[in-house]
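One structure is given here, and the rest of the page talks about it.
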């Protein structure tokens, strides 16, 4: 059953995404507000498919503050990359640079508002990340970062990438950590299973902390849902 549901989901979501991208690019000619409206409509469509086709429900523990913040999220699947756009009301997203090169979709992400980051984490890449982050801050929107740098399987808690601390220091924003357990239903394959995914919003962490402290606190908070409390740096 899960395989059939997943095929139906893919048959609807991916062609619909192409339509939304084209619509979003057209909307972007009229400014940022219509662009954001199209993107929020797209993630709402995905949320509906997730619930009614795949049988995946979302439970949110806690609330994301409305003021500007750097939102640090555990990354186990594609699910949270779309759900967080809905839950955080169209934030700017720190996203791997390669996605920005995808035809049409990459252009749409730039029109929406992203901070492209190179995985090399070299000095030049970090400087570019900070510059883009400072420009994003001027927009007044919140910024989402997946500080582990890539999707990780359930039970793995790798150290945070250096880009997180650099962005935290440069933006001077508090951090809202979010733990996610989406990997239990949504792995790297094409088949997704029904179930409930929890988003656990941790206590807001103030700006200005030393690197070692902010990394330790964020690492523990985003891994709060890992099996057997595997949240050690």
Checklist line | Residue count for the range 100-119, restricted to those that are surrounded by 14 or more Cβ atoms within 10 Å (Cβ to Cβ) and either farther than 18 Å from residue 27 by Cβ or touching a residue at least 60 places away in the same chain (Cβ under 8 Å) (or both) | finding: 11
Note to self: Show the residue pairs meeting these rules: Cβ distance below 8 Å; 6+ apart or different chains; first residue within the range 120-135 and on the phi > 0 side of the Ramachandran plot and modelled with pLDDT under 75; second residue part of a helix (DSSP H, G or I) and surrounded by 12 or more Cβ atoms within 10 Å (Cβ to Cβ).
What the structure shows: 121/162; 121/163
Next item on the list: Assess whether residue 28 counts as being within 15 Å of residue 56 (Cβ to Cβ) and surrounded by 14 or more Cβ atoms within 10 Å (Cβ to Cβ).
Entry: no
Next item on the list: Looking for whichever is under 15 Å from residue 186 (Cα atoms) and out of contact with any strand residue (DSSP E or B) (no Cβ under 6 Å at 6 or more places or on another chain) here; the options are 26, 3. Which one fits?
Entry: 3
Next item on the list: Look through the range 72-107, keep the residues that are under 9 Å from the mean Cα position of the chain (by Cα) and in a strand (DSSP E or B), and return whichever of them is nearest to residue 215 (Cα to Cα).
Entry: 72
Item checked: Residue list for the range 33-51, filter: surrounded by 14 or more Cβ atoms within 10 Å (Cβ to Cβ) and under 16 Å from residue 6 (Cβ atoms) -> 46, 49, 50
Next item on the list: Residue by residue through the range 150-162, note down the ones that are surrounded by 15 or more Cβ atoms within 10 Å (Cβ to Cβ), more than 11 Å from the chain's Cα centre (by Cα) and either without any contact (Cβ under 8 Å) to a residue 24 or more places away in the chain or part of a loop (DSSP other than H, G, I, E, B) (or both).
Entry: 152, 154, 157, 160, 161
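To keep it simple, each residue is scored yes or no on (1) over 22 Å from residue 144 (Cα atoms); (2) in contact (Cβ under 8 Å) with a residue 40 or more places away in the chain; (3) in contact with a strand residue (DSSP E or B) (Cβ under 7 Å, 6 or more places away or on another chain).
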site	(1), (2), (3)
18	yes, yes, no
52	yes, no, no
61	no, yes, yes
90	no, yes, no
Item checked: Condition met for residue 143 (within 22 Å of residue 62 (Cα to Cα), modelled with pLDDT of 95 or more, touching a helix residue (DSSP H, G or I) at 6+ places or on another chain (Cβ under 8 Å) and surrounded by 22 or more Cβ atoms within 10 Å (Cβ to Cβ)) -> no
Margin query: With the requirement that a residue be buried (at least 18 other Cβ atoms within 10 Å of the Cβ) and within 24 Å of residue 77 (Cβ to Cβ), what does the range 187-210 give you?
Written below: 192, 197, 199, 200, 201, 202
Note to self: Pairs please, first residue from the range 207-228 and touching a residue at least 12 places away in the same chain (Cβ under 8 Å) and at negative phi, second anywhere and in a helix (DSSP H, G or I) and surrounded by fewer than 20 Cβ atoms within 10 Å (Cβ to Cβ), Cβ atoms under 7 Å, 6+ apart in sequence or on different chains.
What the structure shows: 211/165; 214/165; 215/165
Check: Within the range 136-148, is there a residue that is assigned to a helix (DSSP H, G or I) and within 16 Å of residue 97 (Cβ to Cβ)?
Finding: yes
Checklist line | Every residue from the range 174-216 that is outside any loop (DSSP other than H, G, I, E, B) and more than 16 Å from the chain's Cα centre (by Cα) | finding: 184, 195, 196, 205, 211, 212, 213, 214, 215, 216
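The values are calculated or read from the model by the stated rules, or taken from the named source; none is laboratory data. Just so you know, these numbers come straight off a predicted model, no measurement behind them. Backbone-built Cβ (ideal geometry, glycine too); neighbour counts: all protein chains shown.
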